[in-house]
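The values are calculated or read from the model by the stated rules, or taken from the named source; none is laboratory data. Quick caveat, the model's predicted, so the values are computed rather than measured. All Cβ positions, even for glycine, are placed from backbone atoms using ideal geometry, and neighbour counts span all protein chains on display.
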Amino acid sequence: MPGLTGPYLKVSRAKEHLDSLNSGINEFRESESYRYSAEENLQTSEYIITIVFDEPPLPLSLIVGDFICCLRSALDHLAWQLALLTTLPKFPSRKVEFPIIGKFGSRTEGIISDATKGIPEKAVARIRELQPYNRGSAYKSTHLWRLHTLWNIEKHRHLTIHSCILNIQFPGVKPPKQVHTKSFDNGCILALPLSSKPDTDLKPWATVDVSFGDVEEGIELNAADLIDMYQFVGEKVIPGFSSFFSQSPVIWKP
C-alpha cells in the first residue's frame, strides 16, 4: 500500500546525521581550535592581535552530505508513493521525482509534468505551491532550492564544507570604530588603538562556528540553518501530503 513510511524513514535517517553533525561541531568548538598572539606597533600606535584557527574537520562535510542526500531522497520517495496511488499494480514512470525549480522558464511546465506523471492532480498543485520559483528573485533563500542545489553539488562537484566562523569579543573595546580587521585564509589580524591595551583582555572571548555551502551558488548555512531545513521538510512538506494516503506511516525511531 502506498504510504509515507519510506519518506519518514529517510527523514529519520537525516535526523541521525544531523545529530552526529552537531556532536562533531560541538567537539570542534570545545577543542583548542584557535590560537592568538599580541604585539605593540609603536610606529602606528596600534595593538596588533593575530588569531589563527584550525580548519573544521573535513569529515563534518561528509556527514552534511549524507544528511542532504537523505533529506532530498525523502522528497523523491514521497513523489513515488504519490504516483503509486494511481499506477498500481504497475510501477510509476522512472522519471517520477519531486521537482524543485528555482526560476520559472519555458521548460518548467514540461519538467513538472514529466516528474509528476501519475501523481494526483491536487498533490501536483501542492508541489507547485512549494516551488522556489514562487518566491521570484528570492528563490535562493528557500529551503528546497538550497537542499536541491547542495544535493547536486555534493554528488557531482565537491564537499560542501564552507568555512570556519570566529566571533571575537574584547573587554573594554567598543567595535567597530576602534577595531580594524584583516582576514586571511585561516585567521585574522585585529588592530586596536595602543591606548586600549590596558583595558583589553589578552585572552579574547571567542566562539567558533562552522558553515557549509558553496561560494559560487551563494549558499552559506550553519547547523541552525540545517535544522530549519530538516524541520521544513519533515514537519511541513511531507505531512502536507498525508491526506492522500489512507495508511498511517510507521515511523522508525533509533
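So which of L88, L84 ends up being crowded, with 18+ Cβ neighbours inside 10 Å and either on the phi < 0 side of the Ramachandran plot or not acidic (D, E) (or both)?
Numbers: L88 fails: crowded, with 18+ Cβ neighbours inside 10 Å.
Being crowded, with 18+ Cβ neighbours inside 10 Å and either on the phi < 0 side of the Ramachandran plot or not acidic (D, E) (or both) holds for just one of L88, L84, which is L84.
So, of the residues in segment 26-48 that are at pLDDT 85 or above and part of a helix (DSSP H, G or I), which turns out to be surrounded by the most Cβ atoms within 10 Å (Cβ to Cβ)?
Taking the candidates together, the pick is F28.
Output the residue which, of all residues in segment 111-130 that are part of a loop (DSSP other than H, G, I, E, B) and of a type in the set (A, V, I, L, M), is farthest from P239 (Cα to Cα). Full working, then the answer.
Let us first name the residues in segment 111-130 that are part of a loop (DSSP other than H, G, I, E, B), namely 116-120, 130.
Within this subset, residues satisfying the condition of being of a type in the set (A, V, I, L, M) are 119, 130.
Details: I119: 16, L130: 13 Å.
So, considering only residues that are part of a loop (DSSP other than H, G, I, E, B) and of a type in the set (A, V, I, L, M), the one farthest from P239 (Cα to Cα) is I119.
Could you look through segment 1-20, keep only residues that are of a type in the set (A, V, I, L, M) and assigned to a helix (DSSP H, G or I), and pick out the one that is nearest to the chain's Cα centre (by Cα)?
L18
Working only within segment 181-192, note down all residues that are modelled with pLDDT of 75 or more, of a type outside the set (V, I, T) and either over 19 Å from Q43 (Cβ atoms) or out of contact with any Phe, Trp or Tyr (no Cβ under 7 Å at 6 or more places or on another chain) (or both).
K182, C188, L190, A191
Against the conditions (1) in contact (Cβ under 8 Å) with a residue 24 or more places away in the chain; (2) under 17 Å from the mean Cα position of the chain (by Cα), where does S23 fall short? Just the number, please.
(1)
Those residues that are farther than 20 Å from H148 by Cβ and free of Cβ contacts under 8 Å to residues at least 40 places away in the same chain, I need them from segment 70-91; list them, please. Break it down into steps so the answer makes sense when it comes.
Residues of segment 70-91 farther than 20 Å from H148 by Cβ: 84-91.
T86, T87, P89, K90, F91 - these are the residues of segment 70-91 that are farther than 20 Å from H148 by Cβ and free of Cβ contacts under 8 Å to residues at least 40 places away in the same chain.
Quick one: which of G234, G218 is loosely packed, with under 15 Cβ neighbours inside 10 Å and either modelled with pLDDT of 90 or more or of a type in the set (G, A, S) (or both)? It would help to see each step written out before you state the result.
Working: G234 fails: loosely packed, with under 15 Cβ neighbours inside 10 Å.
Unique residue meeting the criteria: G218.
Yes/no per residue for (1) modelled with pLDDT under 95; (2) touching a Gly at 6+ places or on another chain (Cβ under 8 Å):
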{"position": "H77", "(1), (2)": "no, yes"}
{"position": "Q81", "(1), (2)": "no, yes"}
{"position": "F91", "(1), (2)": "yes, no"}
{"position": "V96", "(1), (2)": "no, yes"}
{"position": "I101", "(1), (2)": "no, no"}
{"position": "F104", "(1), (2)": "no, no"}
{"position": "G110", "(1), (2)": "no, no"}
{"position": "S113", "(1), (2)": "no, no"}
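Table: residues versus (1) surrounded by 11 or more Cβ atoms within 10 Å (Cβ to Cβ); (2) more than 20 Å from L78 (Cα to Cα); (3) free of Cβ contacts under 8 Å to residues at least 24 places away in the same chain.
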site	(1), (2), (3)
I112	yes, no, yes
A115	yes, no, no
N134	yes, yes, yes
S137	no, yes, yes
K140	yes, yes, no
